[in-house]
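For reference, the structure discussed in these notes is given below.
The values are calculated or read from the model by the stated rules, or taken from the named source; none is laboratory data. In this text, all values refer to a predicted model and were calculated from it rather than measured experimentally. Note that we place each Cβ from the backbone using ideal geometry, even for glycine, and neighbour counts take in every protein chain shown. When the accessible area is computed, the model is the full protein with side chains, heavy atoms only, and any ligands, DNA or RNA have been set aside. Shrake-Rupley method; radii C 1.70, N 1.55, O 1.52, S 1.80 Å.
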Amino acid sequence: MKEAYKPNEIIMFTYLRGRLDGPGFEQSRKALVFARRAHEGQVRKSGAPYIVHPLSMACDAIACKGATDEIIATILLHDVCEDCNIPLSALPVNGVVRQGVKLMTIRPFEGEEKAETKRRYYNELLYSKEAIICKGFDRCENLNDAEGILSEEAIEKNILETHEYLLPALKQAKYEYPESSDMLHTIRTMLKRTVRMMAYYHKIELT
């Protein structure tokens with residue numbers, strides 16, 4: 001029996017460094033080094049080094065048509081502020097990337113119900129092309145890693161949240177950012193198929 005696939009941090013980092021070592025990718029090059037340093041010592045629930053998560057997302061983004069410098073940089077840094085206790089102002093990137101990272105971070109308002117926070121969070125992702133694309137790749141990764149790692153309750157929550165909030169947001173984003181419609185279509189199609197398959201397997205009804 002073949003061993004399960006294990007993402008290789010060194011291979012992905014080296015690949016990205018080579019792909020980003022050219023004109024027009026200054027933000028991504030800085031984000032790549034910064035993210036690796038910030039996530040050092042952290043691990044995913046699967047036990048893998050945490051950095052493989054944004055690295056894998058960035059590799060997927062590069063494989064899609066239309067990946068920009070700011071999109072890749074946002075992907076690489078999307079968990080740094082929330083998980084590494086690093087302020088947004090400390091990120092070595094421009095305002096576009098910082099805005100994308102900011103919108104990727106859930107920020108509950110005082111007195112706000114959880115459902116209200118979630119609805120507002122997904123709506124605000126549409127304020128930034130970088131954020132909504134990053135969220136799509138992020139959810140693809142998290143759903144694909146869920147089996148055998150997350151509880152049944154957590155898996156159901158992610159499936160329903162994706163179906164109710166993220167898929168409609170990605171559909172709307174195609175009209176908000178027509179220059180990235182190909183990438184958004186690819187992400188939404190992958191997510192829709194994954195959600196349907198997982199919902200069927202876990203006997204979750206999608207309305």
Top-ranked residue of region 153-179 - restricted to ones that are of a type in the set (D, E, K, R) and more than 22 Å from Lys114 (Cβ to Cβ), ranked as surrounded by the fewest Cβ atoms within 10 Å (Cβ to Cβ): Glu179
Qualifying positions in region 10-48 - polar (S, T, N, Q), over 15 Å from Glu70 (Cβ atoms) and at pLDDT 95 or above: Thr14, Gln42
Candidate set: region 43-67, residues that are assigned to a loop (DSSP other than H, G, I, E, B) and within 19 Å of Ala154 (Cβ to Cβ); chosen: the one most open to solvent (accessible area, probe 1.4 Å): Lys45
Count - residues of region 69-97 that are surrounded by 20 or more Cβ atoms within 10 Å (Cβ to Cβ) and either hydroxyl-bearing (Ser, Thr, Tyr) or within 23 Å of Gly24 (Cβ to Cβ) (or both): 14
Flag for Cys140 being surrounded by fewer than 24 Cβ atoms within 10 Å (Cβ to Cβ), assigned to a helix (DSSP H, G or I) and either in contact with a helix residue (DSSP H, G or I) (Cβ under 8 Å, 6 or more places away or on another chain) or at pLDDT 95 or above (or both): yes
Matching residues in region 150-168 - criterion: being assigned to a helix (DSSP H, G or I) and among the hydrophobic types (A, V, I, L, M, F, W, C): Ala154, Ile155, Ile159, Leu160, Leu166, Leu167
Extreme residue, least open to solvent (accessible area, probe 1.4 Å), among residues of region 98-115 that are modelled with pLDDT under 95 and among the aliphatic types (A, V, I, L, M): Ala115
Any chance Arg44 is without any contact (Cβ under 8 Å) to a residue 12 or more places away in the chain and either within 17 Å of the chain's Cα centre (by Cα) or under 19 Å from Ser128 (Cβ atoms) (or both): no
Flag if Ile133 is of a type in the set (A, V, I, L, M, F, W, C), surrounded by fewer than 14 Cβ atoms within 10 Å (Cβ to Cβ) and closer than 26 Å to Ala48 by Cβ: no
